[in-house]
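This report concerns only the one structure given below.
The values are calculated or read from the model by the stated rules, or taken from the named source; none is laboratory data. Worth saying up front: this structure is predicted, and the values here are computed from it rather than measured. For neighbour counting, all protein chains shown are included, and Cβ atoms are generated from backbone atoms with ideal geometry for every residue, glycine included. Surface accessibility is based on the protein's heavy atoms, side chains included, excluding ligands, DNA and RNA. Shrake-Rupley method; radii C 1.70, N 1.55, O 1.52, S 1.80 Å.
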Amino acid sequence: MKRIAILALALLMLAGCGTAGPAETPAAGSPGPNVLVHWDALPEREGPIAERWYPEYTDTLIPSDEYGELVRYIGGEGSDNVNGYAYNYGLATRDGVIVTDPVYLGAGPVSWYDQETRSTVESDTLLLHTAVEKEIPPEDEWSTHYENRYGLAASDGSWTTGQIFAEKICEGECGVLFFDTEGNVVMMSLEGEERFRWPAGEIPIEGLEAGKYSFFYDIAYVVGPYMTYTTAWNSDGTSDNVYVDLRDGTVLDSEPEEVSSAWNYPYDGWSYYTGGRYKSENGVVTIEADGGGTHSFPVPQDADEYFSLQIDGDRVIANVGEGYRLLDLDGNELHSWGEGTYPSFFYINTPGALIYTAEYNSEWFMESDTVPLTHYTVYDRDGNEILSADGVVQQYGDRLIVADREWYRLCTLEGEDLLRISRVEADQAA
């Protein structure tokens, strides 16, 4: 089992590898970037790119108004007996300057599903997930040696709560509800301010206890400012629920009207996506965007009973049964994929998501203790291929995060590398 702290050291160790180029070290107290580290390209292959904001290994997000919007990058990987394979993430500026080393198990926006609009919402607040080694290790060899830690931060790194929470209960428009390390329930706003807390031993919800569940997503969910918490499941399939106003911690015995109306909407024949709705009726597809505007086009002639659509902004991926088509909102074909290839939009909450196909091969392993590889092909919104990689590709706003056979990379949407770390050396160093 690879220790997360050791994995995170890999990037720092790489700073001493290869042929060193010029380094810049400004006077103490300079806001950074403090050090520029780069290597000349090797004749056989491209070399690393690693520019650091701070010269030393940095396992904590240091608040600053100088970073600009932060993005995550992959900088390591490992496994344990509980969570399986996982990547380790760090935070960098949009230009690829490393702000923290890869100490996070997860780093991304606080997000939630809005039941009223039936779409996913992302905030400007980051939810950061780390792990610490247990003070008392488990006696059996199968249990994890680590405990979760969570924290919130501004998307530009200007403030952070620190990794002071032990469990995440739910997240929504009011913020995130946590257990802290003392077993208290604490509600934090998206601005990083405490809304309310319930001391351990005085929690007014039956069964809500620290360490009782591995996750809460199937018993705690949010509609608007309210959390519905399931205290028991009955033999007839119904549940006993309590409701919490996450603005002030008021516990309600009856379901708020906002919650009941959000769930009990009649089926209206429309399918909803983030940004609008569509329906296929009488051989015609009709798309209505939330911002206004209606588009329609004939259902493709070779579509079968499995015909369905994915829509992001001004692009449509249509499943026609024998393959997929990339269309604009007027039904014009921009690209097509044959049977056996399954394209999808990368998830982001604004128009602009690129398209990818992923082919998993269980035989693709770098070593026995690394993340299995999947072949990704990435396309722009007109269907032109941008890059391919054996590993993983993620989209984070206007950046691509890549872990291929050789490198961990942070790229522009055009595939230009801004940050590039040797995957093999990082794994060996870990």
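Structure values in brief
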| quantity | calculated |
| --- | --- |
| Those residues of region 151-187 whose amide nitrogen sits under 19 Å from the label point placed on D245, 7 Å along Cα→Cβ | 172-177, 186-187 |
| Extension reserve of the Y306-E288 stretch, reckoned as 0.36 nm per residue once the Cα distance is removed | 4.3 nm |
| Burial ranking of peptide ranges 418-424, 238-244, 185-191 (average Cβ count within 10 Å, highest at the top) | 418-424, 185-191, 238-244 |
| Burial order of peptide ranges 196-206, 113-123 (average beta-carbon count within 10 Å, highest first) | 113-123, 196-206 |
| DSSP-loop chymotrypsin sites (Phe, Trp or Tyr not before Pro) across region 141-191, with at most 16 other Cβ within 10 angstrom | W142, W159 |
| Cα gyration tensor shape of region 57-175, rounded if a/c is under 1.5, else prolate or oblate by comparing a/b with b/c | oblate |
| Two-decimal log10 I(q)/I(0) for region 112-247, as the Debye equation yields it once each C-alpha is a single scatterer, q = 0.22 Å⁻¹ | -1.42 |
| Heavy-atom surface of region 142-294, accessible at 1.4 Å and reported per residue (Å²) | 51 Å² |
| Rounded Å value of the spacing that divides the Cα centres of region 245-283 and region 321-350 | 28 Å |
| Amide H contacts under 5 Å for L419, placed H, 5+ residues apart | L410 |
| Per residue convex hull volume, Cα atoms of region 205-361, in Å³ | 207 Å³ |
| Pairwise centroid distance, computed over Cα atoms, of region 202-231 with region 148-173, Å | 18 Å |
